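Written out below as structure tokens is the structure these notes cover.
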Amino acid sequence: MLLAQIGAALLLAALALGLMSALVGFSSGYVQDPLLAPVARRAFYAMAALVVAASAVLIWALLSRDFALAYVTEHTDRALSLPLTAAAFYGGQEGSLLYWLLCVCVLGSVSLAAAAHLGVRLGAYATGFLALICVFFLIMLVLVETPFALLSVVPTDGLGLNPVLRDGGMLIHPPFMLAGFSSYAVPFSFAMATLLAGRQDAAWMRHTRRIALIGWGLQGVGLMLGMWWAYHVLGWGGYWGWDPVENVALLPWLATTAYLHSIQVQERRGQLRVWNLFLVILAFLLSIFGTYIVRSGIVASVHSFAVSPLGPWFYGFLAICVVASGVLLAWRGPMLKSAPLRSPISREGAYLAQNVIIVGITAAIFWGTVLPLVTGMFGTPLVVGAPYYDRAGAPLFVLLLLLLAIGPSVPWARAGRTWLRSLRWPLLALVGCLCVLLALGQRGAGPLIALPLLAAALAGSAMEFWRGGRYARRLGGGWPHSALRLARRRRRHYGAHLAHIGFIVAVVGIAGSHFWQSSAQVDLNPGQSVTVSGYHLVYQGLSQARVGDHLVTAAHLSLGDESLQPEQVQYASLGQQTLPRVAIRSTPWADLYLVLDGTSGQRASLTIFVNPLVTWIWVGIPVMVLGLILGNVGSPPPELETEPATLKRARPAVAHS
Amino acid sequence: MRWVLLGAVVVACLGYLIYSATGASAEYYVTMAQMRQHPPQGEVRVLGTVQGGIRTFDAGRGIEFTAAQGKDQLQVSYVGTMPEIFKPGVQVVVDGRPGANGVFVARSLQTKCPSKFTAATPAAG
């Protein structure tokens with residue numbers, strides 16, 4: 001009871017501080033008052049501290065099972081394990097909003113604390129924008145959906161958690177996803193501040209690059225965990241269903257992927273200034289759009305979130321953000337002059353092409369997601385499924401792979417003959433892979449295009465490490481030592497190539513399971529056997545066991561010496577709800593994926609999938625994140641500090657034009 | 001000027017790609033009433049709530065059930081992997097086409113899966 005009052009009071013006080021921070025932030029930025037600007041910042045920190053405290057109160061209420069709070073009753077019960085009870089903090093609608101706000105507060109405070117060198121105006125405006133975003137979330141949490149609502153009658157136990165969600169995946173997938181989603185608010189605020197302040201330089205970008213990287217990494221992990229969880233728990237043999245909720249999670253991540261590449265064009269060449277601002281703004285808008293889609297229930301999804309009154313609020317907030325950022329970009333954009341692109345066959349040209357392709361993929365996915373909304377306005381809504389994404393996405397993805405193979409080796413400014421010569425190894429890998437595939441009897445266009453391109457890209461990145469190793473050998477001072485020194489000095493370069501290798505490995509996994517998945521549905525009596533893609537399975541029989549509140553029916557199959565047990569679990573407490581528990585046998589080549597669909601007597605109905613190369617998805621994405629981390633931990637490497645001469649030369653031109 | 005032209009070409013290509021992909025694979029998301037009035041030619045998607053009296057055949061692999069949407073009802077038959085949490089009261093999204101004798105033959109059947117700790121089916125609870 002008392003906890004609810006404390007929590008609500010903390011949120012209310014945070015709202016007041018947030019409003020003050022925004023007001024003082026914008027006004028002190030406008031008059032450039034160096035005494036008032038820190039006041040706005042401190043108000044932001046104070047608000048952040050109160051939000052942290054309110055979060056702690058909610059977690060405490062959950063852990064102490066204070067069923068007076070509606071939130072605690074609705075999302076937990078006494079039987080629920082402690083970790084899952086704590087996870088309910090971000091599991092419910094209201095709690096996830098608070099968690100989102102908490103992430104923005106923490107990341108925002110960190111970036112504001114280090115923003116002193118950006119100047120009074122930029123720092124103050126950034127504080128203002130960040131505070132406004134927090135104010136929106138606080139209004140939601142105070143007025144619309146508060147996690148501290150009280151029940152008039154205190155129940156003795158809660159309603160519990162759906163069994164589908166009683167899984168380790170539930171502990172880690174949402175916090176990563178939401179943290180990544182919320183992080184886009186920080187670069188967005190600094191981008192808006194730099195536009196409002198009319199600044200020409202890239203200080204905002206250098207300042208928020210790390211936050212963008214962290215957000216991108218967190219969301220990348222979140223996406224992978226979601227795929228992993230869907231694959232291992234839901235039992236339909238796949239990991240990505242092109243459902244609206246999955247799509248909207250991917251959209252801001254794609255926009256940020258484009259941004260993290262084009263950042264370098266501005267750093268090195270002073271180009272794409274407006275474009276970078278656009279991408280950062282786009283990523284944030286897409287994250288708000290995603291939240292709107294998910295929370296409003298406006299697009300029919302297989303993920304049924306509780307429809308809540310948040311929908312119109314998010315719609316309004318999204319509209320305000322679109323208008324505000326559009327106006328600022330239209331007003332200040334033309335004043336930002338970028339150096340012209342000298343040759344399209346150059347590193348900057350490759351980055352630009354990559355950006356266009358990724359934004360194209362983003363647009364295609366966006367269109368597929370909003371199609372029912374748009375067509376619904378004029379009549380019967382149209383929907384698209386996986387075939388649409390295959391058709392629209394495949395050509396763009398092939399172009400992306402082509403760029404991945406040749407882009408990283410193109411020199412800046414203008415490419416010459418030396419560069420063409422350096423392409424011979426990737427080309428050799430491409431031809432070699434193509435020959436192997438043809439020799440193996442592959443005739444499908446998909447694998448014959450995608451896999452050789454992946455081989456070429458892998459060869460390109462591997463070459464980079466080999467070349468580095470050869471160079472390090474000449475440096476002297478012992479090879480491993482000098483190689484390590486070289487890697488550390490060119491941290492970003494090698495980190496990026498490692499991330500590319502991770503990406504390639506993950507795409508190999510996606511391609512393998514996409515092109516070569518096979519499945520069979522069989523009904524077996526004990527002693528009968530079935531062969532799917534070379535796997536010979538013998539069905540032994542069924543067994544049943546009662547575990548706690550549920551009944552487990554297991555089918556026993558043997559594959560050579562190994563035994564596999566797909567199960568069906570029936571929950572008596574939940575109206576005989578049954579859940580499949582898949583049996584997966586993973587090898588680097590393929591996953592054997594067994595689902596027990598139903599039983600009659602000793603007869604078992606099974607769906608058997610053979611998913612080639614899936615394991616490489618779970619290997620590749622962590623490698624990608626590892627590359628991101630290794631490339632960016634520690635103090636910034638020298639290549640970040642000193643700007644190349646080309647950029648300095650470009651500057652006066654900017655001032656004159 | 002050159003860049004504007006190039007940009008226009010890129011946007012046109014992208015637009016065509018998305019347009020053609022939509023045309024080739026979009027299906028109507030209809031209500032049951034619409035489907036009765038205008039029997040669809042191709043595949044459509046329908047949303048409905050599973051009613052009681054689910055009949056299984058083919059050793060539990062195939063199911064036939066009634067889905068309701070407001071006052072409208074539709075008989076649906078489906079053969080394939082059962083989605084998790086299929087039971088009366090759950091909302092399902094089916095893709096398929098109306099077959100003979102008014103039974104809707106579903107090619108795919110998805111239950112709306114509960115997300116975020118919210119109780120999955122408060123109505124059926």
| request: Determine which single condition B:Arg97 fails, assuming it passes every other condition in (1) surrounded by fewer than 20 Cβ atoms within 10 Å (Cβ to Cβ); (2) at pLDDT 85 or above; (3) farther than 30 Å from A:Leu161 by Cβ; (4) out of contact with any Asp or Glu (no Cβ under 6 Å at 6 or more places or on another chain). | output: (4)
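Which residues, taken from the stretch A:79-108, are outside any helix (DSSP H, G or I), within 13 Å of chain B (Cβ to nearest Cβ) and aliphatic (A, V, I, L, M)? Walk me through how you get there before you give the answer.
First, the residues of the stretch A:79-108 that are outside any helix (DSSP H, G or I): A:79-81, A:92.
This time we only want the ones that are within 13 Å of chain B (Cβ to nearest Cβ), so: A:80, A:92.
Matches in the stretch A:79-108: A:Leu80 only.
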| said: Name the residue that is surrounded by the most Cβ atoms within 10 Å (Cβ to Cβ), counting only residues in the stretch A:528-570 that are without any contact (Cβ under 8 Å) to a residue 12 or more places away in the chain and charged (D, E, K, R). | reply: A:Arg546
| message | Among the residues that make up the stretch A:597-609, is at least one of them modelled with pLDDT of 90 or more and closer than 30 Å to A:Gln219 by Cα? | response | yes
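Say whether the condition of being in a helix (DSSP H, G or I) and under 30 Å from B:Val90 (Cβ atoms) is met by at least one residue in the stretch A:133-156. Break it down stepwise before answering.
Let us first name the residues in the stretch A:133-156 that are in a helix (DSSP H, G or I), namely A:133-144.
Add one more test, that the residue is under 30 Å from B:Val90 (Cβ atoms), and what stays is A:140, A:144.
Yes, the stretch A:133-156 contains a residue that is in a helix (DSSP H, G or I) and under 30 Å from B:Val90 (Cβ atoms).
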| In the stretch B:35-51, is there at least one residue being at pLDDT 75 or above, within 15 Å of the chain's Cα centre (by Cα) and of a type in the set (Asp, Glu)? | yes
| note | Residue set A:Ser308, A:Ser301, A:Ser325, A:Ser287; condition within 13 Å of chain B (Cβ to nearest Cβ) and either modelled with pLDDT of 90 or more or over 30 Å from A:Pro387 (Cα atoms) (or both); output residue A:Ser308
| query | Which of the residues belonging to the stretch A:217-233 are within 12 Å of chain B (Cβ to nearest Cβ), in contact with a helix residue (DSSP H, G or I) (Cβ under 8 Å, 6 or more places away or on another chain) and aliphatic (A, V, I, L, M)? | reply | A:Val233
| query | Since B:Phe86 meets every condition but one in (1) crowded, with 17+ Cβ neighbours inside 10 Å; (2) at pLDDT 85 or above; (3) touching a Leu at 6+ places or on another chain (Cβ under 9 Å); (4) farther than 24 Å from A:Pro387 by Cβ, which condition does it not meet? | reply | (2)
| Search result, residues across the stretch A:403-448 that are of a type in the set (Val, Ile, Thr) and surrounded by fewer than 18 Cβ atoms within 10 Å (Cβ to Cβ) | A:Thr418, A:Val431, A:Val436
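State whether one or more residues within the stretch A:55-64 are more than 22 Å from A:Ala9 (Cβ to Cβ) and in contact with a Leu (Cβ under 9 Å, 6 or more places away or on another chain). Before you say what the answer is, go through the steps one by one.
If we filter the stretch A:55-64 for residues that are more than 22 Å from A:Ala9 (Cβ to Cβ), which is where we start, we get none.
Checking the stretch A:55-64: not a single residue is more than 22 Å from A:Ala9 (Cβ to Cβ) and in contact with a Leu (Cβ under 9 Å, 6 or more places away or on another chain).
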| request: Please identify the pairs in which a residue from the stretch A:221-236 that is buried (at least 20 other Cβ atoms within 10 Å of the Cβ) has its Cβ atom under 9 Å from the Cβ atom of a residue that is of a type in the set (D, E, K, R) and part of a helix (DSSP H, G or I), counting only partners at least 6 apart or on another chain. | output: A:Leu223/A:Glu246; A:Gly226/A:Glu246; A:Met227/A:Glu246; A:Ala230/A:Glu246
| Which condition number does A:Ser27 fail, the rest of (1) surrounded by fewer than 16 Cβ atoms within 10 Å (Cβ to Cβ); (2) under 25 Å from A:Ala113 (Cβ atoms); (3) modelled with pLDDT under 95 being met? | (3)
| said: Quick check on my filter: what residues within the stretch A:349-391 are at the interface with another protein chain (Cβ under 10 Å from one of its Cβ atoms) and outside any helix (DSSP H, G or I)? | reply: A:Gly379, A:Thr380, A:Pro381, A:Leu382, A:Val383, A:Val384, A:Gly385
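Quick one: which of A:Phe515, A:Phe503, A:Phe465 is touching a His at 6+ places or on another chain (Cβ under 8 Å) and not hydroxyl-bearing (Ser, Thr, Tyr)? If you could, list the steps in order and put the result at the bottom.
Details: A:Phe515 fails: touching a His at 6+ places or on another chain (Cβ under 8 Å); A:Phe503 fails: touching a His at 6+ places or on another chain (Cβ under 8 Å).
A:Phe465 is the lone residue from the list that is touching a His at 6+ places or on another chain (Cβ under 8 Å) and not hydroxyl-bearing (Ser, Thr, Tyr).
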| Quick check: is even one residue across the stretch A:140-155 surrounded by fewer than 18 Cβ atoms within 10 Å (Cβ to Cβ), under 20 Å from A:Pro174 (Cα atoms) and not hydrophobic (A, V, I, L, M, F, W, C)? | no
| remark: Reported set for the stretch B:30-43 where residues are at the interface with chain A (Cβ under 9 Å from one of its Cβ atoms) and in contact with a Lys or Arg (Cβ under 8 Å, 6 or more places away or on another chain) is B:Val30
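The values are calculated or read from the model by the stated rules, or taken from the named source; none is laboratory data. Every value quoted in this text rests on a predicted model; they were computed, and no experiment measured them. Please note: Cβ atoms are built from the backbone with ideal geometry, for glycine as well, and neighbour counts cover all protein chains shown.
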